[in-house]
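Notes follow the structure.
The values are calculated or read from the model by the stated rules, or taken from the named source; none is laboratory data. Bear in mind the structure is a predicted one, so any value in this text is a computation, not a measurement. Don't worry about glycine lacking a Cβ; one is built from the backbone with ideal geometry, like all the others, and counts go over all protein chains shown.
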Amino acid sequence: MMKFFEKKSAHDGARQRVYWLGIISMVMALGQVVMYLLMLHLVITPEHRDNQVLGMCAGMAAVTAVYIFLTGRLLFLLYEKRFEETTGPEWLWWFATMVVVLFNGVLVVWFSLMNDVIPATLCSLAFVVYVLFFKFAKDDIKCLRQHSSTHLPTQQ
């Protein structure tokens, strides 16, 4: 009960914010992978075969799955407080995030031009979630990494 009333540090708040945004973005990305696979299933049928949509769905399902994996690994390293290990694959996570964000931006424009309100809204919501998570995670991870390197226990 006393833990509930203890004051949390700014670093705990940063980790908690990254966790929540990371989990929300992973759930959103998982939903998008399911939708890409559903669209992939629809364009594989012989009467609706479209190779461009087929390639797009397969490619984006793969990239979004890589994004989910990298985000999960990032959250695991933060949970374990192994901040130094986040420097290696961080550029891969940045790249996957940028691809997913740009593609969702294209989908927002595409669905808006087609007057499809529901897909445009969902893609714009995903776009906002990915950008927020990227912005806060990038800054908070950098801050947590610097904090952990300055507060390393000295061995004597």
Residue under evaluation residue 13, criteria (1) at pLDDT 85 or above; (2) within 30 Å of residue 142 (Cβ to Cβ); (3) of a type outside the set (Ser, Thr, Tyr), criterion not met:
(1)
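Take the conditions closer than 16 Å to residue 142 by Cα, of a type in the set (A, V, I, L, M), over 13 Å from the mean Cα position of the chain (by Cα) and in a helix (DSSP H, G or I) and apply them to residue 40. Does it pass? Break it down stepwise before answering.
Values: closer than 16 Å to residue 142 by Cα: no; of a type in the set (A, V, I, L, M): yes; over 13 Å from the mean Cα position of the chain (by Cα): yes; in a helix (DSSP H, G or I): yes.
No: the conditions fail for residue 40.
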Out of curiosity, is residue 113 buried (at least 19 other Cβ atoms within 10 Å of the Cβ) and more than 15 Å from the chain's Cα centre (by Cα)?
no
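Does residue 61 meet the test of being of a type in the set (A, V, I, L, M, F, W, C), part of a helix (DSSP H, G or I) and either farther than 15 Å from residue 133 by Cβ or modelled with pLDDT under 90 (or both)? Talk me through it step by step, then tell me what you get.
On the way: of a type in the set (A, V, I, L, M, F, W, C): yes; part of a helix (DSSP H, G or I): yes; either farther than 15 Å from residue 133 by Cβ or modelled with pLDDT under 90 (or both): yes.
Judged against the criteria, residue 61 is a match.
Give 99, 53, 27, 108 a once-over and let me know the one that is more than 17 Å from the chain's Cα centre (by Cα), assigned to a helix (DSSP H, G or I) and either surrounded by fewer than 18 Cβ atoms within 10 Å (Cβ to Cβ) or not hydrophobic (A, V, I, L, M, F, W, C) (or both).
Working: 99 fails: more than 17 Å from the chain's Cα centre (by Cα); 27 fails: more than 17 Å from the chain's Cα centre (by Cα); 108 fails: either surrounded by fewer than 18 Cβ atoms within 10 Å (Cβ to Cβ) or not hydrophobic (A, V, I, L, M, F, W, C) (or both).
So the residue among 99, 53, 27, 108 that is more than 17 Å from the chain's Cα centre (by Cα), assigned to a helix (DSSP H, G or I) and either surrounded by fewer than 18 Cβ atoms within 10 Å (Cβ to Cβ) or not hydrophobic (A, V, I, L, M, F, W, C) (or both) is 53.
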Report yes if residue 32 is surrounded by 13 or more Cβ atoms within 10 Å (Cβ to Cβ), assigned to a helix (DSSP H, G or I) and either modelled with pLDDT of 80 or more or among the polar types (S, T, N, Q) (or both), otherwise no.
yes
Consider residue 86 carefully, then state whether it is surrounded by fewer than 18 Cβ atoms within 10 Å (Cβ to Cβ), at pLDDT below 90 and of a type in the set (S, T, N, Q).
no
